[in-house]
Amino acid sequence: MAPQVRFSRRALLASALATLATPRIVRGAAPEASAKISDAAWNDLARQITGGVIRPPDPRFIVLTRPENLRFYDPPDTPDAIDPNAPLAVVRPRDPKEVAAALMWAEHVGLPMVPRSGGHSYAACSTIPGLVIHAGAMRQVRASAGSPMIETGGGVLNGDVFSALKNTNHGIVHGRCTTVGLSAFLMGGGIGLSMREFGVGCDRVEAVELVLANGRTVVATAGNDYKDLFWAVRGGGGGNLAFATRWWLRSFPVGKVIAFYAHWWSGDTKAILRRLVRALEASPEQMGAQMSISASVADTKSPNEIKLIGQFNGSRAKFDAALGGALTDADKYLPVELPYWDAQEFFDIEAVPNRYRETSLFADRVSDECIDEACRLMRTLPSPQARSRLTMFLTGGQINKVKPEATAFVHRSSQWLLNPILEWDQQQTPEAHMKWQRDVQDGLAAIIGQTSSYQNFPDPDAANPAEIYWGSNLTRLERVKATYDGHRIFTPPRNQGIPLSS
Ligand SMILES: Cc1cc2nc3c(=O)[nH]c(=O)nc-3n(C[C@H](O)[C@H](O)[C@H](O)COP(=O)(O)OP(=O)(O)OC[C@H]3O[C@@H](n4cnc5c(N)ncnc54)[C@H](O)[C@@H]3O)c2cc1C
């Protein structure tokens, strides 16, 4: 039986925001842009898409367009409110032909569009004042006992994969949130607890079906005419190159794993963290882990909390030998052996829409100095008006066995991914805290001597996003972009697009 422990990342906000689960009727569309599209044009689009066009006040509109990060668009409370950030309409094409029809229609009427699957972009990149092309009608997952190949639709969510593979011995690299979309996860790289043993998610892609900016549907593989596109799509970022409608992934066999959780709320934070970092770095590739250090204001008396969750693909004896000694003084410690897919229920997190910003930093090495500085910084939160924590993902292993130039996902030498998170409840962005978070990011970057960031944790306020996401692969990525989308039809908002240098 799966244990009752669940680690809801935004559980604190769950009750406050529960009302958002109920669709509200709004007239949210920006008036000017909406007025430019004639009823005849909307009808023309509706004729081409099964299920038609969904526009306010259709109650499905909010559910299908509301982003997980409400910082950039929070559907208005009153039916009469007009929100200039609201999308105009959403369509749910059921196959590449309908995706192409929606793309061509948007181009014809001059409306920007974005693809959408799970709506979990940290920068709300799947919500713009334009047309949302939602992949949610393409959520099939096919797995067969005799073959390692998994075939999924372009709108599949993590939870669909969990359900389809639950009774099989197939696994893929995936994240912990059941409502994150698989396409964007893979297009940005894809980190998960199995990545040290099996690489990032995109390392196990065999082929992908894409609808291009010109409306053509192609299948890209490492060996066919679209090998450049295949290279670019594995790390180039969701929404950036083409619309993904189908994936073929090479799974790995799964059996039982040790799932573990440890929590410290007393003791010497720096000493605990140093010990954990060193023990995890030295552990075998079968170890996956993620930990977080909570932030507090300066005069807080109690130590900052450390939480660690992870998974070990091996025996309990080997797990204890690798990590057990580092966990014995935890205030709470729960290791349990579970079938792989039951363990994922132990880990899964519920995403509740709220306001936040996440920054990130790959680190080839986290020195003692860096740990001490991280602990110091986590005690300098300006005020309790916003919450923060520093999350640390253990990377390395098989991720680094792939050359940085082999895929557009360039981050192939790190041991850790550091991730300062800031969350707040009020409408107004807490400027002092935003500055503080940026100082934390910059301070750690200065010690580590690196600035590379994870493109799946898009930072809407980063000064040079393309450089920190794609580094030495940027020039080639720009070339592929120019070949397949020279007019930048696929351009995520908030500075998350692949630039074109000429
Ligand atoms: C709670 C939570 C947990 C997370 N956990 C992890 C994790 O463990 N590991 C990890 O690597 N990442 C994780 N992420 C980040 C996640 O991978 C990215 O935010 C991802 O982009 C979300 O995809 P989505 O489909 O849910 O979001 P969306 O907002 O729908 O899409 C994100 C971007 O991809 C584009 N896009 C969506 N569907 C398609 C498509 N079919 N074809 C082309 N472009 C498309 C959108 O236009 C947008 O630009 C997490 C995010 C959240 C909010």
Tell me which residues, restricted to region 304-330, are part of a loop (DSSP other than H, G, I, E, B) and within 28 Å of the chain's Cα centre (by Cα). Asn304, Glu305, Asn313, Gly314
Counting only residues that are more than 16 Å from the ligand (Cβ to nearest atom) and small (Gly, Ala, Ser), which one in region 457-502 is farthest from Ala445 (Cα to Cα)? Gly486
Going by what's in this entry, would Val254 be described as closer than 22 Å to Glu478 by Cβ and modelled with pLDDT of 95 or more? no
Tell me, which strands (runs of 3 or more DSSP E) lie completely within region 238-303 with 1 or more residues that are of a type in the set (D, E, K, R) and more than 24 Å from the chain's Cα centre (by Cα)? 256-264
Within region 359-392, restricting to residues that are under 23 Å from the mean Cα position of the chain (by Cα) and of a type in the set (S, T, N, Q), the one that is farthest from Ile191 (Cα to Cα) is Ser388
Checking the condition crowded, with 24+ Cβ neighbours inside 10 Å and away from the ligand (no atom under 12 Å from the Cβ), which residue from Trp231, Trp248, Trp264 passes? Trp264
Unmet criterion (only one of (1) free of Cβ contacts under 8 Å to residues at least 60 places away in the same chain; (2) in the same structural domain as Ala242 (by TED's automatic domain parsing); (3) within 21 Å of the chain's Cα centre (by Cα)) for Ala145: (3)
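Of all residues in region 110-120, which are part of a loop (DSSP other than H, G, I, E, B) and within 7 Å of the ligand (Cβ to nearest atom)?
Step one: filter region 110-120 for residues part of a loop (DSSP other than H, G, I, E, B), giving 110-112, 117-120.
Listed by number, the residues that qualify are Ser117, Gly118, Gly119, His120.
Could you grab me the full set of residues in region 203-215 that are more than 9 Å from the ligand (Cβ to nearest atom) and farther than 24 Å from Ser283 by Cβ?
First pass over region 203-215, keeping only residues more than 9 Å from the ligand (Cβ to nearest atom): 203-209, 212-215.
If the condition is that a residue be more than 9 Å from the ligand (Cβ to nearest atom) and farther than 24 Å from Ser283 by Cβ, then Val205, Glu206, Ala207, Val208, Glu209, Leu212, Ala213, Asn214, Gly215 are the ones that fit.
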Here are some conditions: (1) touching a residue at least 12 places away in the same chain (Cβ under 8 Å); (2) open to solvent by 20 Å² or more (accessible area, probe 1.4 Å); (3) over 30 Å from Glu305 (Cβ atoms). Ala432 meets all but one. Which one does it not meet? (3)
Of (1) touching a residue at least 40 places away in the same chain (Cβ under 8 Å); (2) assigned to a strand (DSSP E or B); (3) surrounded by fewer than 24 Cβ atoms within 10 Å (Cβ to Cβ), Val219 satisfies all except one. Which? (1)
Of (1) assigned to a loop (DSSP other than H, G, I, E, B); (2) among the hydrophobic types (A, V, I, L, M, F, W, C); (3) more than 22 Å from Glu358 (Cβ to Cβ), Val480 satisfies every one except (1)
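Step by step: first the residues of region 84-106, then only those that are more than 16 Å from the ligand (Cβ to nearest atom) and open to solvent by 20 Å² or more (accessible area, probe 1.4 Å), then the one that is modelled with the highest pLDDT. Which residue is that? Write out each step before concluding.
Looking only at region 84-106, we keep the residues that are more than 16 Å from the ligand (Cβ to nearest atom), and these are 84, 104-105.
Now drop any that are not open to solvent by 20 Å² or more (accessible area, probe 1.4 Å), which leaves 84, 104.
Numbers: Pro84: 82, Met104: 98.
Step by step, filter region 84-106, then rank; the result is Met104.
The values are calculated or read from the model by the stated rules, or taken from the named source; none is laboratory data. Values in this document were obtained by computation on a predicted structure and should not be read as measured data. With ideal geometry, Cβ positions are generated from the backbone for all residues, glycine too; neighbour counts draw on all protein chains shown. The protein model used for the area step is the full one, side chains on, heavy atoms only, and it has no ligands, DNA or RNA in it. Shrake-Rupley method; radii C 1.70, N 1.55, O 1.52, S 1.80 Å.
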